[in-house]
Amino acid sequence: MSVSPLRLGIAGLGTVGGGVVRLVSEQSDLLQARCGRPIQVAAVSALDQNKDRGLDLSAFDWHDDPVVMAGSDAIDVFVELIGGEDGPAKVAVEAAIAAGKNVVTANKALIAHHGTALAIEAERRGVTLNFEAAIAGGIPIVKAIREGLAGNNFTRVYGILNGTCNYILSAMRDSSRDFADVLNEAQELGYAEADPAFDVDGVDAAHKLAILTSLAFGCPVNLEAVHIEGIRQVSAIDIEFATELGYHIKLLGIARLTDHGVEQRVHPCMVAEESAIASVGGVFNAVVAEGEYIDKVVFEGRGAGEGPTASAVMGDVIDVARGNRLPTFSIAADSLRPIQSATMDHHVGPYYVRLTVIDQPGVIADISAILRDRNISIGSMLQRGRDPGEPVPVVLITHECKEKALTKAMEQISALKAVAEEPKIIRIEAL
């Protein structure tokens, strides 16, 4: 008995869209064997029909307007690979859901900003909204949290969520070069965009973390609750000191249950060189889930690129082909409940502090007194050389303290005449 094919409409024919078209063509027999039915590309949509993409698109219906394609009777699954939190991507996904189409997307910005509302509508209409490719490329972390680890209450989910930043920080460490130099190299190699702000300022990682938080803790996606810092202020000297102290610097996204609520934060962290995540270099991503029955599970893989992202898209498509329909965010979308957000003022942990001070008698005593008055104790201190009357770097590693107290102490320390620059602070994360 013949089985009808699952027909895809692919909106967006960039790197990922082209990869999905190629994967469907090259793996057609494998896909049919694993799904029990053929999977076919039926229609495509992009801005320029005449652009040479190295693909034969002649067998597919062409649509200039993805919204029209989203409602077409010729497709069963709308695959949104346009990108962007609003505009055509959002309108087309809404149109697909309204038309009763299953939706697969790689669009983390769309899900981070509108995921809860879209999920409620999709579940109301009995269709899927799948977004595995929106987080960590080829790493199946959404499926792992939503299915394989569903028997756990999670306590912490964290990871390296942006390959561009990980490449830059890894290269800075390996070559002792500054941020700007390595960023230029990353752009030349295609690892960073011409405008890298979305990546290096932490926004991309924040989108992914907000989605992971919802999956892990059963709350609506709340991007506004994410504390975001990028890597522009990490310097070669910080990398050098970190290495000397036995740490690597990584941009991490961390969602953690605390007594004050759930922390959601993206920022540079110092992690011990023996930790699993410290060894993840280059453009690779890694995600760690911690729960009451699993202790710690580590996922590592390529976080972007045509192949890994197309693979993740097809994982979602295969679920549709098999008839697997699960709640979008682990529990029914209309059951998601807001949870208290823990602000950074409540964060407690050890810190790396780098000061640039004029080398003169009494300056360390003044700094120590300010820290003492804020109930902050120093675990260790490094000073590079002596140069009386000139600025020298001094590095302090604090014991655990409240971030609010440290922030106030740094304001006082910055006001000292002997302090030549703003203090540089990096949180130390025990993983």
Legend entry - Highest-fluctuation residue, Ile254, Ile294, Ile141 considered, GNM on the chain with Cα pairs under 10 Å: Ile294
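Assuming 1.306 mPa s and 10 °C, estimate D for the range 265-417 with Stokes-Einstein, Rh taken as the Kirkwood radius over Cα pairs, in µm²/s.
After rounding, the answer is 78 µm²/s.
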Legend entry - Relative contact order of the range 356-415, pairs being alpha-carbon contacts under 8 Å that are 6 or more residues apart, as %: 41
Legend entry - Lys, Arg +1 and Asp, Glu -1 on Cβ, resulting dipole of the chain about Cα centre, debye, nearest 20: 980
Inset, instruction - Name the long-range amide H neighbours of Leu251: under 5 Å, sequence gap of 5 or more, or other chain; modelled H, no Pro or chain starts. - result: Cys269
Inset, instruction - Among [x] 87, 45, 35; [y] 61, 52, 46; [z] 64, 52, 38, find the value of Cα extents along the principal axes in Å that was calculated from the structure presented, and write down its label. - result: [x]
Inset, instruction - Would you mind checking which residues have amide H under 5 Å from Val419's amide H? H placed 1.01 Å from N; only 5 or more apart, or other chain. - result: Ile358
Legend entry - Shape parameters for the range 125-237, alpha-carbon atoms, Rg then Dmax in Å: 16.3, 55
Inset, instruction - Take the alpha carbon gyration tensor of the range 18-76, find the square roots of its eigenvalues, order them as a ≥ b ≥ c, and report rounded if a/c is under 1.5; if not, report prolate when a/b exceeds b/c, else oblate. - result: oblate
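Tell me whether the range 230-315 comes out rounded, prolate or oblate; compute the Cα gyration tensor, take square roots of the eigenvalues as a ≥ b ≥ c, and use a/c under 1.5 as the rounded threshold.
Values: a/c = 1.75, a/b = 1.19, b/c = 1.47.
It is oblate, given that a/c is not under 1.5 and a/b is not larger than b/c.
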Legend entry - Hydrodynamic radius of the range 68-195 per Kirkwood, over alpha carbon pairs, in Å: 17.0
Inset, instruction - Give me the angle, in degrees from 0 to 90, between the Cα long axis of helix 179-188 and the longest principal axis of the Cα atoms of the chain, rounded to the nearest 10. - result: 20
Inset, instruction - Starting from 0 in steps of 5 Å, tell me what percent of the Cα-Cα pairs of the range 180-265 lands in each bin. - result: 3, 13, 19, 18, 17, 15, 10, 5, 1, 0
Legend entry - Cα gyration tensor category, rounded, prolate or oblate, for the range 355-398 with a/c compared to 1.5: oblate
Inset, instruction - Find the centroid of the Cα atoms in the range 13-49 and in the range 160-225, then give the distance between the two in whole Å. - result: 28
Inset, instruction - For the range 290-370, state the semi-axes of the equivalent ellipsoid (square roots of 5 times the eigenvalues of the alpha-carbon gyration tensor), sorted largest first and rounded to whole angstrom. - result: 48, 21, 13
Legend entry - Where the Cα pairs of the range 181-337 fall when distances are cut into 10 Å bins, in %: 9, 30, 39, 18, 4, 0
Inset, instruction - Please calculate how many Å² of accessible area the chain carries per residue, with a 1.4 Å probe and no DNA, RNA or ligand atoms counted. - result: 43
Legend entry - Structure-based [θ]222 nm, the chain - -39500 (n - 2.57) summed over DSSP H runs of at least 4, per residue, nearest 500: -10500 deg cm²/dmol
Inset, instruction - Check the straight Cα-Cα distances from Lys250 and name the lysines below 30 Å, setting aside those fewer than 8 residues away within the same chain. - result: Lys108, Lys143, Lys208, Lys296, Lys402, Lys404, Lys408, Lys424
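The values are calculated or read from the model by the stated rules, or taken from the named source; none is laboratory data. Every value quoted in this text rests on a predicted model; they were computed, and no experiment measured them. Cβ: placed from backbone, ideal geometry, glycine included. Neighbour counts: every protein chain shown. Surface areas here come from the heavy atoms of the whole protein model, side chains and all, with no ligands, DNA or RNA. Shrake-Rupley method; radii C 1.70, N 1.55, O 1.52, S 1.80 Å.
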